[in-house]
Every structure is written in structure tokens, then in C-alpha cells.
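These notes are about the structure you will find just below.
The values are calculated or read from the model by the stated rules, or taken from the named source; none is laboratory data. These figures come from a predicted structure and were not determined experimentally. As a convention, Cβ positions derive from the backbone with ideal geometry for all residues, glycine included, and neighbour counts pool all protein chains shown. Ligands, DNA and RNA are stripped out before the accessible areas are found, and what is left, the full protein with its side chains, is counted by its heavy atoms. Shrake-Rupley method; radii C 1.70, N 1.55, O 1.52, S 1.80 Å.
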Amino acid sequence: MIIVSGSASTDLSSQLSKELDAPLAITELKRFPDGEGYVRIHDDLAGQEVVIVQNSYPDPNLVELLLLQDAVMEYKPARVITVVPYFGYARQDKKFNQGEPISARALTRHMTRFTTELITIDLHETSILEWSDSPARNISGMPAIARALKEYAPDFILSPDKGAVDLATIVADHLGCGWDYLEKTRLDGETVVMKAKKVDVAGKKVAIVDDIIATGGTIIRATEQLRDQGATYVMAACTHGLFTGGAIERLNPVLDGLFSTDTLMNSTSKVSVAVELADALQQKN
Ligand code: R5P
């Protein structure tokens, strides 16, 4: 097995290479003066099992992923597994108005035409994998989050909405602590409101877990509810730290702790999902 890292996923690819004891292919990834991408893979991949690791976000990284797939296929490998740690456009999984695309479907189809298999991590809506042209599976980064949370010893796990309950229960099971969820309504891309709901957090150390933190609005509203109900410590952890428009600066003053995994590289990427990914790759589909 050999790993081809895209420029958006170099940290995770290095960790994965160590976990699997598999080499990283030597690649050249650069941009032409007009902004178009250039990729070149120097290793001979003929007959090999190749794992490409690259986010489909932001848009230039999606193009780089398609170029990497094409470059890999030129070598006639035995298998190509495309790992998309953070799948851009996954949240646009429906047509809300006439004339719109189903963006998640468009990306899934294009990213799976020239690959043997697709692996995603904590995909916002896993049903979009049904649009894949190749076998596709989603794995969870929550065991990695649970490992990192041990150091903080939380005694309660909170899901900020019903959608992340499955994630919160994985973490709570790993840590052996209680959990609950809040009820969130999203008014628009930047605004969320939380329905008042009693949760058993008085005097507790709470960790909020979610798949994505984007604007930070969800975590800020959830933190307010937890503090109002007597939580003594509130931190947040997510798989994908998207952190749009200064979210880290907004979150740091209201939280006691914050971290994300290395699916997106930023200053909060404290824990790697390489262990979970290596397990998935070793299991095969
Ligand atoms: C949505 O349901 C997701 O699970 C996250 O809760 C959401 O993407 C977070 O967005 P924001 O940080 O902008 O509130």
C-alpha cells in the first residue's frame, strides 16, 4: 500500500503512513501563475494498492483531488482508495428550490468515477454515499475524540442537536459517562436558536461534541444553555474544524477548551484520525 497525499491532507497522510507503515508517494503539487493546479507523482504505482488522501474543500482542493486520481490511474494501479477526510458540499444534500443542484450528489459522482473505493470520515449525511459510483463507506472520528477527551476527564457529553446524537453516544460509551442532546433550529447559515431544555449538567464538566464547527454559532448557543444550568466547565470537540469567519476567536473566550481532529488542518487539530483510518484500510471493504 502507498499513500498519495493531496496538499489539504498532509498531516493526516503522514500520520497514516506511520500507522500503516506504508510509504508516502513523492509528489509535486503546485499552482500555475493563473491559479490552475499542477500535480505529478514520481513513484511508479503500477500494480500497487494506492490510497489518495485529500479534502474536497475548498474548491481548488477538489480539483487537485480529481487531478491526483487521474495521475494515479495513468500508472494502472491494482486498486485506488480515495479518502476524503472533509467532504466539502456534504451539507448541501437536498434541492431546496427549483433550479438548484444537489451539490453533494454532484461531488460524490465525480469523485467516485475513477476510484475503486471511497472512504469518508464523519460525513454530515451518510446517505449521500448512495450516489457513489464505487463502493463507499463512512468511518467515525469519534473514537479519536474520545481518546483525546480522556485527558480532560469530562463527566457529561452533550450533542448540540439531534443530528449529532450518534456521535455523542460513541464518545460517552468510550468514556463511560452520561450524555444528552439539545434541540437546535437553524434560521440561516449564521443563526441558530436552541429550544430551552433541561439537561443534567449542574456542577458537571461537560464536553460538547459535533461533526463540524463552522461559524461556531451552534457551540456558543449550547454553551450558554449549559452555563445557565450550572455546568462548571464547558469544552467543545469536533471532527471537522472548519471555523469560518473568525470562529476560533469567538469560541475561545466562551469555552474552557476546544479541539478538532486533523481532517482539516488548523491550530485546534489536536488529535489524529489516522488510527481509525488505518483500521478501516486494513479491514478492506
Ligand atoms: C449541523 O447540523 C452540524 O452538525 C453542525 O452543528 C453545524 O454545521 C455547525 O455549524 P455552526 O458552527 O455554523 O453553528
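Structure notes:
- Value of [θ]222 nm, deg cm²/dmol, for the chain, DSSP H segments ≥ 4, -39500 (n - 2.57) each, nearest 500: -8500 deg cm²/dmol
- Viscosity 1.567 mPa s, temperature 4 °C, Stokes-Einstein D of the chain from Kirkwood C-alpha radius, µm²/s: 66
- On Cα atoms only, tilt of 274-283 relative to the major axis of the chain in degrees: 60
- Taking only protein heavy atoms and a 1.4 Å probe, the accessible area of region 142-271 is 51% carbon and sulfur.
- Take every pair of alpha-carbon atoms less than 8 Å apart whose residues are at least six positions apart; their mean separation over the length of region 149-285 yields a relative contact order of 19 percent.
- Centre-to-centre separation between the Cα atoms of region 111-171 and those of region 230-255: 19 Å.
- Taking 7 Å steps out from each Cα toward its Cβ at R221 and R137 produces label points 3.5 nm apart.
- Label-zone membership for region 98-124, site R186, 7 angstrom Cα→C-beta point, backbone N under 14 Å: 103-104, 123-124
- Every pair of different Cα atoms in region 2-139 enters the Kirkwood calculation, which places the hydrodynamic radius at 15.2 Å.
- Here the calculated FRET efficiency for D228 and K18, from their Cβ-Cβ distance with R0 = 51 Å, stands at 0.70, rounded to the nearest 0.05.
- Calculated log₁₀ intensity ratio I(q)/I(0) where the Debye formula runs over C-alpha points of region 142-271, q = 0.16 Å⁻¹: -0.69
- Each label was represented as a point 7 Å from its Cα along the Cα-to-Cβ direction; for D279 and K150 these points are 1.3 nm apart.
- Residues of type aspartates and glutamates that K198 reaches as a straight line, Cα spacing below 12 Å, ignoring anything fewer than 8 places off in the same chain: D180, E183, D228
- Too-long pairs where the Cα-Cα distance tops 32 Å, listed order kept, from K30/K184; K30/K270; K94/K195: K30/K184
- Computed with a 1.4 Å probe over protein heavy atoms only, the accessible area of Y181 comes to about 60 Å².
- Counted over region 142-271, the DSSP beta bridges are approximately 15% antiparallel.
- Unit charges at the beta carbon, dipole of the chain: most positive-side option, Q15, N138, I170: I170
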